[in-house]
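Here's the structure, in structure tokens; my notes come after.
The values are calculated or read from the model by the stated rules, or taken from the named source; none is laboratory data. This one's a predicted model, so the numbers in the text were calculated from it and none came from an experiment. Every residue, glycine as well, gets a Cβ built from its backbone with ideal geometry; the counts of neighbours run over all protein chains shown. Note: accessible area is taken over every heavy atom of the protein model, side chains too, but ligands, DNA and RNA are not part of it. Shrake-Rupley method; radii C 1.70, N 1.55, O 1.52, S 1.80 Å.
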Amino acid sequence: MGVDVGTLLSKMNLLTTSNHGSVVSINLFVALICACIIIGHLLEESRWMNESTTALTIGICTGVVILLTSGGTSSHILVFSEDLFFIYLLPPIIFNAGFQVKKKQFFRNISTIMLFGALGTLISFIIISLGAIGIFKKMNIGSLEIGDYLAIGAIFSATDSVCTLQVLNQDETPLLYSLVFGEGVVNDATSIVLFNAVQNFDLSNINTLVVLQLFGNFLYLFILSTLLGVVAGLLSAYIIKKLYFGRHSTDREIAIMICMAYLSYMLSELFSLSAILTVFFSGIVMSHYTWHNVTESSRVTTKHAFATLSFIAEIFIFLYVGMDALDIEKWKFVSDSPGTSVEVSSILLGLVLVGRAAFVSPLSFLSNLIKKSRGEKIGFRQQFIIWWAGLMRGAVSMALAYNQFTRSGYTQLRENAIMITSTITVVLFSTVVFGLITKPLIRILLPSPKHLSRMVSSEPVTPKSFTVPLLDSEVDLDGHVPPRPNSLRMLLTTPSHTIHYYWRKFDDAFMRPVFGGRGFVPYVPGSPTEQNEQQWQ
């Protein structure tokens, strides 16, 4: 059997050229990430710019350069992939969010967070979907099906509150920060669950049964996804507590935490659950139990390692979105009617504004009805910031739009191209314009007390800030110490403090002896801590 040496050499040369092109692309992208970090640092004190806006702007400028040097054939050096986003970039961002969150504030406001993140997203989804059906059917944008309109509702219900969170301070505005942050995580999870439900259900004949199935599917995914994340976090805590990797190598402690967190995310994807919720609650549980079981050096390393991975992933996403905004292939399909694309983008942006406003004030009113402390009530200025924080659209919207309207990053249909370009326009406009206004807007509406700013700035940022116990009881925001609940009346009058109190009792009596946590000293054979370890058994 003969071998064609010429053909073999040509294939090898083609493979080498392809690999070389990939290496060049990766080098350029890494260099751009470095540039984003440096320029972002130089603009740290800027009144207008933030990390996401900086990366987006650099991405657009880079896209222009690539577009000019390639003769108008391409504007990016990497092809967007939903797998790249959902499997590699999103997990570290969401896990770090759960790992770094101040759990006490988050769970104290969990009812309000769920109102905004779940019910509010559902209201926004309905308004945007109905608006898209009523308006786009009258326009000449192509033949979109009912599933496409509902997908549009899910795509543009996904908020991106990164710009707002970069400006808010957890210590100065703990209530507002926890609400914006918590709603953002639950909102992303809800939007993705709705999007998957739209793709999986037969929507040719919508009736009451289909609506109930969608609602039941949402509850099923939410509960199972949360449980999977909790189990993964507890399992990592138990393994590290029992085996105590730190006596041989701190690298193993860090590795097992990273691998268990990522495993929980991929298992959730494998079982078609909400991986965002899974890895978020895995991060919360790991910060409460697992993190306290590792050595001091591992604590410092994990804290900064998770934050660094999340930071790089966020920059990568915004950098690519900026470059992809100028992709000539997508704009060719709408070049004959650019006004249509602008009109669709304006309509979508208007629907986002209306859909957001439709639930913030009503749900804030409901939340205020069950809050007894004045400091826990959501004022008008805070409601405005919450509304504003949810107007920006980002990477999740882009990824969902690509998933619905493209195949492998490309589209051949005019209506799909219009929706992709409109999504890009909304993301760019909301991130750049709204993002630039966010910092001065918050400074005007929520001026920070000077003495608090000095206190916060002088407070050292160390891993010891993680020692706040989960759902701990504390002095409320009015300076009063909540009484110990001892009756059903207390449960009805101070539900959050009551739950905190009984959770702490359960946590101290059952959870920490098994899974470790705050106050646990790692076991070292032959050391005085051996007696301490025996007390936990």
Exactly one condition in (1) over 30 Å from Q412 (Cα atoms); (2) in a loop (DSSP other than H, G, I, E, B) is not met by R393; state its number. (1)
For L221, state whether it is open to solvent by 20 Å² or more (accessible area, probe 1.4 Å) and in a helix (DSSP H, G or I). no
Would you kindly identify the helices (runs of 4 or more DSSP H) lying entirely within the stretch 279-375 that contain at least 1 residues that are under 20 Å from M419 (Cβ atoms), open to solvent by 40 Å² or more (accessible area, probe 1.4 Å) and assigned by the TED database to the domain that holds T423? 328-332, 338-369
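Conditions (1) of a type in the set (A, V, I, L, M); (2) open to solvent by 20 Å² or more (accessible area, probe 1.4 Å); (3) closer than 30 Å to T54 by Cα, marked per residue:
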{"residue": "G131", "(1), (2), (3)": "no, no, no"}
{"residue": "I141", "(1), (2), (3)": "yes, no, no"}
{"residue": "A158", "(1), (2), (3)": "yes, no, yes"}
{"residue": "Q166", "(1), (2), (3)": "no, yes, yes"}
Check the stretch 177-198 and report whether any residue there is modelled with pLDDT of 90 or more, open to solvent by 30 Å² or more (accessible area, probe 1.4 Å) and part of a helix (DSSP H, G or I). no
Counting only residues that are buried (at least 20 other Cβ atoms within 10 Å of the Cβ) and either touching a Phe, Trp or Tyr at 6+ places or on another chain (Cβ under 8 Å) or β-branched (V, I, T) (or both), the stretch 416-433 contains a total of 11
Qualifying residues in the stretch 265-278 (those that are at pLDDT 90 or above and either of a type in the set (S, T, N, Q) or part of a loop (DSSP other than H, G, I, E, B) (or both)) - the one farthest from L227 (Cα to Cα): S268
Somewhere in the stretch 245-262, is a residue at pLDDT 90 or above, within 19 Å of the chain's Cα centre (by Cα) and open to solvent by less than 10 Å² (accessible area, probe 1.4 Å)? yes
Tell me, please, whether a residue that is assigned to a helix (DSSP H, G or I), among the basic types (K, R) and surrounded by 15 or more Cβ atoms within 10 Å (Cβ to Cβ) can be found in the stretch 396-414. yes
Every residue from the stretch 101-122 that is open to solvent by less than 30 Å² (accessible area, probe 1.4 Å) and either assigned to a helix (DSSP H, G or I) or over 29 Å from L351 (Cα atoms) (or both): V101, K103, Q105, F106, R108, T112, I113, F116, G117, A118, G120, T121
Residue in the stretch 224-244 that is surrounded by the most Cβ atoms within 10 Å (Cβ to Cβ), counting only those that are among the hydroxyl-bearing types (S, T, Y) and more than 19 Å from the chain's Cα centre (by Cα): S236
Are any residues in the stretch 376-387 open to solvent by less than 30 Å² (accessible area, probe 1.4 Å) and of a type in the set (A, V, I, L, M, F, W, C), and if so, which ones? I378, I385, I386
Pairs where the first residue, in the stretch 414-437, is closer than 22 Å to L165 by Cβ and touching a residue at least 40 places away in the same chain (Cβ under 8 Å) and the second is open to solvent by 10 Å² or more (accessible area, probe 1.4 Å) and not in a helix (DSSP H, G or I), C-beta under 7 Å, 6+ apart: G435/N50; L436/W48
So is T173 assigned by the TED database to the domain that holds F365, within 13 Å of the chain's Cα centre (by Cα) and over 16 Å from T278 (Cα atoms) or not? no
